[in-house]
1. Checking the conditions here, which among GLU93, GLU100, GLU133 is in contact with a helix residue (DSSP H, G or I) (Cβ under 6 Å, 6 or more places away or on another chain), at pLDDT 90 or above and not aromatic (Phe, Trp, Tyr)?
2. Which members of region 29-77 meet the condition of being basic (Lys, Arg) and either more than 19 Å from LEU140 (Cα to Cα) or free of Cβ contacts under 8 Å to residues at least 12 places away in the same chain (or both)?
3. For region 84-91, does any single residue satisfy the condition of being under 17 Å from ILE142 (Cα atoms), surrounded by 11 or more Cβ atoms within 10 Å (Cβ to Cβ) and free of Cβ contacts under 8 Å to residues at least 60 places away in the same chain?
4. Of the residues that sit in region 127-140 and are touching a residue at least 60 places away in the same chain (Cβ under 8 Å) and under 22 Å from LEU83 (Cα atoms), which one is surrounded by the fewest Cβ atoms within 10 Å (Cβ to Cβ)?
5. Hey, GLU105 hits all of (1) surrounded by 12 or more Cβ atoms within 10 Å (Cβ to Cβ); (2) on the phi > 0 side of the Ramachandran plot but one; which does it fall short on?
6. Mind counting the residues in region 92-126 that are touching a residue at least 24 places away in the same chain (Cβ under 8 Å) and polar (S, T, N, Q)?
7. Would you confirm whether any residue within region 62-80 is at pLDDT below 90, of a type in the set (A, V, I, L, M, F, W, C), surrounded by fewer than 11 Cβ atoms within 10 Å (Cβ to Cβ) and not assigned by TED's automatic domain parsing to the domain that holds THR130?
8. Do any helices (runs of 4 or more DSSP H) lying entirely in region 26-144 carry at least 3 residues that are within 30 Å of LYS16 (Cα to Cα) and not basic (Lys, Arg), and which ones are they?
Amino acid sequence: MENDENESIRPPDNIKKEKLIDNIFDENMNDDDLKKVLQLSINEYNFVQEIEEQKAIETISMEHKKRLKQFSTIKPKINRILLFDKTNASIYETILSIIEMYENEYITKYKADKDSYNNIFGTIKYIRITKEELNSLQNLIILE
């Protein structure tokens with residue numbers, strides 16, 4: 001007990017007042033100052049939102065460009081053969097329509113029934129297309 005009495009208790013720390021936003025708030029702040037600070041905050045928020053929106057647009061644009069490029073070589077081939085092969089014109093027009101829906105981002109895949117699928121790929125074999133073009137079509141037009 002003797003030790004307890006000899007130990008001294010330090011006095012409490014002084015009270016501190018913290019100020020926000022680089023000490024611009026104080027007791028004397030008027031409405032105009034508050035409006036300026038709020039406007040700065042709004043401007044900063046809007047700036048960040050515009051940057052995020054621009055990044056999203058650039059990403060979408062790249063995706064859209066990729067979609068357009070994917071079938072850019074096969075469409076002229078189909079259009080050319082469409083002029084001569086009138087018996088299969090409806091199939092070629094269907095393929096072109098499917099590609100256009102894909103490019104305009106209305107669809108990601110086209111599910112065809114067995115007969116339609118066989119007609120499309122049975123007819124497409126008469127066109128000189130690369131393996132990549134055929135793979136792209138097979139990834140787009142799938143069997144239901």
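The values are calculated or read from the model by the stated rules, or taken from the named source; none is laboratory data. From a predicted model like this one, the values you see are computed outputs, not experimental measurements. As a convention, Cβ positions derive from the backbone with ideal geometry for all residues, glycine included, and neighbour counts pool all protein chains shown.
1. Only one candidate qualifies: GLU133.
2. From region 29-77, those basic (Lys, Arg) are 35-36, 55, 65-67, 69, 75, 77; that's our starting set.
Within region 29-77, LYS35, LYS36, LYS55, LYS65, LYS66, LYS69 qualify.
3. We begin by selecting, within region 84-91, every residue under 17 Å from ILE142 (Cα atoms); these are 91.
With surrounded by 11 or more Cβ atoms within 10 Å (Cβ to Cβ) added as a condition, the list becomes 91.
Cutting the leftovers down to free of Cβ contacts under 8 Å to residues at least 60 places away in the same chain gives us 91.
Yes, region 84-91 contains at least one residue that is under 17 Å from ILE142 (Cα atoms), surrounded by 11 or more Cβ atoms within 10 Å (Cβ to Cβ) and free of Cβ contacts under 8 Å to residues at least 60 places away in the same chain.
4. GLU133
5. (1)
6. From region 92-126, those touching a residue at least 24 places away in the same chain (Cβ under 8 Å) are 92, 94-95, 98-99, 102-103, 105, 109-114, 117, 119-120, 123-124, 126; that's our starting set.
Next, from what is left, pick out any that are polar (S, T, N, Q): 94, 119, 123.
Matching residues across region 92-126 total 3.
7. The answer is yes; a qualifying residue exists.
8. Numbers: elements: 31-70, 74-84, 89-103, 114-124, 131-140.
Per the criteria, 31-70.
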